[in-house]
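Trainee: Mind looking over this structure? Questions follow.
The values are calculated or read from the model by the stated rules, or taken from the named source; none is laboratory data. The shown structure was predicted, so the numbers you read here are calculated from the model rather than taken from an experiment. Glycine gets a Cβ as well: all are built from the backbone with ideal geometry, and neighbour counts include every protein chain shown. These accessible areas exclude ligands, DNA and RNA; they are computed on the full protein's heavy atoms, side chains included. Shrake-Rupley method; radii C 1.70, N 1.55, O 1.52, S 1.80 Å.
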Amino acid sequence: MQSSYLKLQVNCSLQKPSISHNFDHFKSRLSSAFKPLLGELQQLSLRISVPKTIKNSFVKLLDVFVDQMFEFVDQPLLPSQRNFAPVDALREAVLVTNIDGEIPEDFPEGVYIRNGPNPLFGGLKSTKSMFGSSNHIWVEGEGMLHALYFKKETDGSWNVVYMNRHVESETFKQEKQRNRSSFLPAIEGDSLAILSAYLLNLLRFGKINKYISNTNIFEHAGKFYSVAENHMPQEIDIFTLETLGNWDVNGAWNRPFTSHPKKASGTGELVIMGVDATKPFVEIGVISADGDKLVHKVDLKLSRCSLCHEIGITQRYNVFLDYPLSIDLTRLAFGGPLIKYEHEGYAKIGIMPRYGDADSVKWFDVEPNCTFHIINCFEDGDEVIVWGCRALESIIPGPDLGLNKFEWFSKKFRHAELADESVDTSPDDVPLFSRVYEWRLNMQNGDVKETNLSGTKVSMDFPMINGGYTGIKNKYGYTQIVDSIASSASGMPKYGGLAKLSFEEPDNTESEELIKVEYHKFEENIFCTGGAFVPKGRGVEEDDGWIITFLHNEDTNISQVYIIDTKKFTDEPVAKITLSHRVPYGFHGAFMSIPVQTQKASRNES
């Protein structure tokens, strides 16, 4: 799911320390003092110029203050959450030989790679201090890439190698050099604790929070990038997984960067977006096909920081989802949460020409919702069609401070137990239930038509399509399906299967108003993450290809990779690749088809 500021969270509650009336007064005054600084925090470090020796001494004094005033507390995991725990990075790549079935002869050579949080120093932390408590949300763990390399030998056999490695961002290196947890959590908790974390992180490290780079991995102009929404991407050597540095488009992009940029068909340009807590709240950019130039950049001039996780595109337009999940520093300064979903808030979808400005955006009012992931967008006559995975509430940030997080998430996921013929249940009763949804937006008369496309028995998210159809009309899509019982039992989302969506075929088994959905369900206590569509090189039809995904068996504690033929979607996987190392649950994956000669050249250079 999910960013980086910003996503799914299931943390353990901390008891607030008792605070005297005098200290409450002190907190109030200190919080007020922060208000005029909130818009300046991210620029403050750029204006401070002091000799290095004085700066180092000042940082050491601040470190002593933090060590004395802040207590780092481990956030424990339940037994049902053990595969969310981090793993160690490998020293070298590992040859994989345990393969049940056969890797298809026409499967492309390349690398299947998935990103996800893998926190340092034993796991995520909370802090207690005189200012209150603050917590890391679970997606804040430092990014780790898990890669499976496929190379075909001259005799037709397959050579498969597994490798993992942390994304070594600037802040990763800073904290690793200290060899202990150092950044104070600055997303969730008591408002004054978050504000103090902002300021102390900024003064000690020059950043208000860690650059986690743990959400997605993408390619542009032959280069590969790891990304999360709280910072710009890091370029990755796809063969060694070494981090090569930040990608700021030659200095033209200096703000957060969406985890889901979109490559425009025809031009090859990359459409991006950056959401920030201070103005400008949202900017959209277009990067040249060669990756060297930012050819367009525009401030949407929004009045709030809406946590839009994914931008959409059609052949002519950019699509922005403005739903009522927001970051608000002023709200935080007045004692409210930094991140909040407004149940009574408004939702809009903005459609703008590829190189348009804020005045060119046509806004459509839609029913309030939270849609983190877009399946696809395309044009159909006067209409722009948007398909996404829509829920009625946000899984971020979870319950209000002080409420039991496990109970809150457990209740919100508890749907599958009720979804049978004997109980009248709808997604309205379980607001985290996510359905495939369609918005038809008429660019001429402003009309909006909204339709549920999938049924009420299976919640689904993390959609995939054949990448060649991004921005143009497609027939098929794929999603991960939520195991609601397992998710409810663990208080964290778990995906117990995959779905194939046929947008042009009706579902005659439930309602002709719905689309046909086929399911590939895993055995009990086996869950997937990071699925990706792999197109068949000589494929003719859109669904000629495979879904590849990491899985973990919670009974055996064994991780695997499945390859599933999308033409025979409900059949057994054509190959089950068993890994010798555990792969924790994570977020988005991708398959990068890479020619053999490119692989050889890279290895020779290294």
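Trainee: Within the stretch 519-527, can one find any residue that is at pLDDT 95 or above, over 21 Å from Leu453 (Cβ atoms), assigned to a strand (DSSP E or B) and in contact with a Leu (Cβ under 7 Å, 6 or more places away or on another chain)?
Mentor: Yes, the stretch 519-527 contains at least one residue that is at pLDDT 95 or above, over 21 Å from Leu453 (Cβ atoms), assigned to a strand (DSSP E or B) and in contact with a Leu (Cβ under 7 Å, 6 or more places away or on another chain).
Trainee: Here are Leu325, Leu329: which of them is in contact with a helix residue (DSSP H, G or I) (Cβ under 9 Å, 6 or more places away or on another chain) and either modelled with pLDDT of 95 or more or among the aliphatic types (A, V, I, L, M) (or both)?
Mentor: Leu329
Trainee: For Gly251, work out the one condition from (1) touching a Leu at 6+ places or on another chain (Cβ under 6 Å); (2) at positive phi it doesn't fulfil.
Mentor: Answer for Gly251: the failing condition is (1).
Trainee: While we're on this one: Which residue is surrounded by the fewest Cβ atoms within 10 Å (Cβ to Cβ), if the candidates are limited to the stretch 560-595 and must be among the hydroxyl-bearing types (Ser, Thr, Tyr) and assigned to a loop (DSSP other than H, G, I, E, B)?
Mentor: Filtering the stretch 560-595 for residues that are among the hydroxyl-bearing types (Ser, Thr, Tyr) and assigned to a loop (DSSP other than H, G, I, E, B), the one surrounded by the fewest Cβ atoms within 10 Å (Cβ to Cβ) comes out as Thr570.
Trainee: Looking at the stretch 61-74, I want the residues that are over 14 Å from Arg204 (Cα atoms) and have a partner that is among the charged types (D, E, K, R) with Cβ atoms under 7 Å, at least 6 apart or on another chain. Which pairs are those?
Mentor: Glu71/Lys128; Phe72/Lys125; Val73/Lys125; Val73/Lys128; Asp74/Lys125
Trainee: Something else now. Please specify each residue of the stretch 541-559 satisfying the condition of being touching a residue at least 40 places away in the same chain (Cβ under 8 Å) and open to solvent by less than 20 Å² (accessible area, probe 1.4 Å).
Mentor: Matches in the stretch 541-559: Glu542, Asp543, Gly545, Trp546, Ile547, Ile548, Thr549, Phe550, His552.
Trainee: For the stretch 124-140, name all the residues that are surrounded by fewer than 24 Cβ atoms within 10 Å (Cβ to Cβ) and under 16 Å from the mean Cα position of the chain (by Cα).
Mentor: Trp138
Trainee: A further question on this structure: Out of Asn159, Asn118, report the one residue that is under 21 Å from Glu92 (Cβ atoms), among the polar types (S, T, N, Q), at pLDDT 95 or above and in contact with a Pro (Cβ under 9 Å, 6 or more places away or on another chain).
Mentor: That would be Asn118, the only listed residue that is under 21 Å from Glu92 (Cβ atoms), among the polar types (S, T, N, Q), at pLDDT 95 or above and in contact with a Pro (Cβ under 9 Å, 6 or more places away or on another chain).
Trainee: Out of the stretch 98-123, which residues are part of a loop (DSSP other than H, G, I, E, B), open to solvent by 40 Å² or more (accessible area, probe 1.4 Å) and touching a residue at least 60 places away in the same chain (Cβ under 8 Å)?
Mentor: Result: Asn98, Glu102, Asp106, Phe121.
Trainee: Still on this structure, please answer the following. Looking for whichever is open to solvent by 50 Å² or more (accessible area, probe 1.4 Å) and part of a loop (DSSP other than H, G, I, E, B) here; the options are Arg440, Arg538. Which one fits?
Mentor: After ruling out the rest, the residue left standing is Arg538.
For (1) open to solvent by 10 Å² or more (accessible area, probe 1.4 Å); (2) assigned to a strand (DSSP E or B); (3) of a type outside the set (S, T, N, Q), each residue gets a yes or a no:
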position	(1), (2), (3)
Lys457	yes, no, yes
Pro463	yes, yes, yes
Gly471	no, no, yes
Gly477	no, yes, yes
Gln480	no, yes, no
Ala489	yes, no, yes
Pro493	yes, no, yes
Ala499	no, yes, yes
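Trainee: Which residues, taken from the stretch 349-372, are within 19 Å of Cys389 (Cα to Cα) and over 24 Å from the mean Cα position of the chain (by Cα)?
Mentor: Phe364, Asp365
Trainee: I need the full set of residues from the stretch 104-161 which are within 20 Å of His588 (Cβ to Cβ) and charged (D, E, K, R), in order please.
Mentor: Answer for the stretch 104-161, where residues must be within 20 Å of His588 (Cβ to Cβ) and charged (D, E, K, R): Arg114, Glu140, Glu142.
Trainee: Quick one: is Met492 modelled with pLDDT under 95 and under 21 Å from Gly531 (Cα atoms)?
Mentor: Considered against the rule, which asks whether it is modelled with pLDDT under 95 and under 21 Å from Gly531 (Cα atoms), Met492 comes out as yes.
Trainee: Might you let me know whether the stretch 189-202 holds any residue that is at pLDDT below 95 and under 24 Å from Ile236 (Cβ atoms)?
Mentor: No, that holds for no residue.
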